[in-house]
Amino acid sequence: MPGATAVRYGEGLIGFLAKPQQIGEKSPAVLFLHGGFAFGADDFEMATPYLNAGYVVMVPILRGENGQSGEYSMFYNEVSDVIAAADYLASQPFVDNKHIYLAGHSVGGTLTLLASQCSSRFKAATSF
């Protein structure tokens, strides 16, 4: 992923984190949940408008996807992965942890709805 760094979060899971070109001391962030049941380069491309608008962006890879450990449980355990990714994102010194947003497409959209009901961490959420 151009401009993104692989990071570890939760119980050994990997995600991709990108900072906007102009970053403040504390910047708002978007946790972007991709569609489908595996991560592809086009999934990160869907998140670039947030990056271009000045948000820190993290795209987590969930359990059972792309060779990650664990098994996909069709949302139940993956919500925990989303919350763990949000906790990781909030812990970054350059992220304004009062302004973390959640967005998701397709399967990621369903996870967005579920995770937003399970955590008060998110300032707002959108599913598409």
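The values are calculated or read from the model by the stated rules, or taken from the named source; none is laboratory data. Here the structure is a predicted model, which means the values were calculated and not measured. Reconstructed Cβ throughout: ideal geometry from the backbone, glycine too, with neighbour counts over all protein chains shown. Accessible surface is based on the protein model in full, side chains and every heavy atom, while ligands, DNA and RNA are left aside. Shrake-Rupley method; radii C 1.70, N 1.55, O 1.52, S 1.80 Å.
Look at the range 25-37 and say how many of its residues are among the aliphatic types (A, V, I, L, M) and open to solvent by 60 Å² or more (accessible area, probe 1.4 Å).
Total meeting the criteria: 0.
Take LEU31 and tell me if it is within 14 Å of VAL95 (Cα to Cα) and in contact with a helix residue (DSSP H, G or I) (Cβ under 6 Å, 6 or more places away or on another chain). Steps first, answer last, please.
Numbers: within 14 Å of VAL95 (Cα to Cα): yes; in contact with a helix residue (DSSP H, G or I) (Cβ under 6 Å, 6 or more places away or on another chain): yes.
Spelling it out, LEU31 is indeed within 14 Å of VAL95 (Cα to Cα) and in contact with a helix residue (DSSP H, G or I) (Cβ under 6 Å, 6 or more places away or on another chain).
Restricting attention to the range 81-101, which residues are in contact (Cβ under 8 Å) with a residue 60 or more places away in the chain and of a type in the set (Ser, Thr, Tyr)?
Correct list: TYR88, TYR101.
So if I check each of SER116, SER91, SER106, SER127, which one is of a type outside the set (Asp, Glu) and at pLDDT below 95? Steps first, please.
On the way: SER116 fails: at pLDDT below 95; SER91 fails: at pLDDT below 95; SER127 fails: at pLDDT below 95.
Just one listed residue meets the conditions, SER106.
Could you pull out the residue among THR5, THR48 that is farther than 22 Å from ARG121 by Cβ and of a type in the set (Val, Ile, Thr)?
THR48
Quick one: in the range 11-24, which of the residues that are in contact with a Phe, Trp or Tyr (Cβ under 7 Å, 6 or more places away or on another chain) and within 13 Å of GLU65 (Cβ to Cβ) is most open to solvent (accessible area, probe 1.4 Å)?
PHE16
Find the residue count for the range 5-39, including only residues that are within 17 Å of SER80 (Cα to Cα), among the aromatic types (Phe, Trp, Tyr) and at pLDDT 90 or above.
Number satisfying all stated conditions: 2.
Any residue in the range 19-43 that is farther than 24 Å from ASN77 by Cα sitting within a Cβ distance under 7 Å of a residue that is open to solvent by less than 20 Å² (accessible area, probe 1.4 Å) and β-branched (Val, Ile, Thr)? List the pairs, counting only those 6 or more apart or interchain.
Filtered contacts from the range 19-43: LYS19/VAL56; PRO20/VAL56; LYS26/VAL95; SER27/VAL56; SER27/VAL95.
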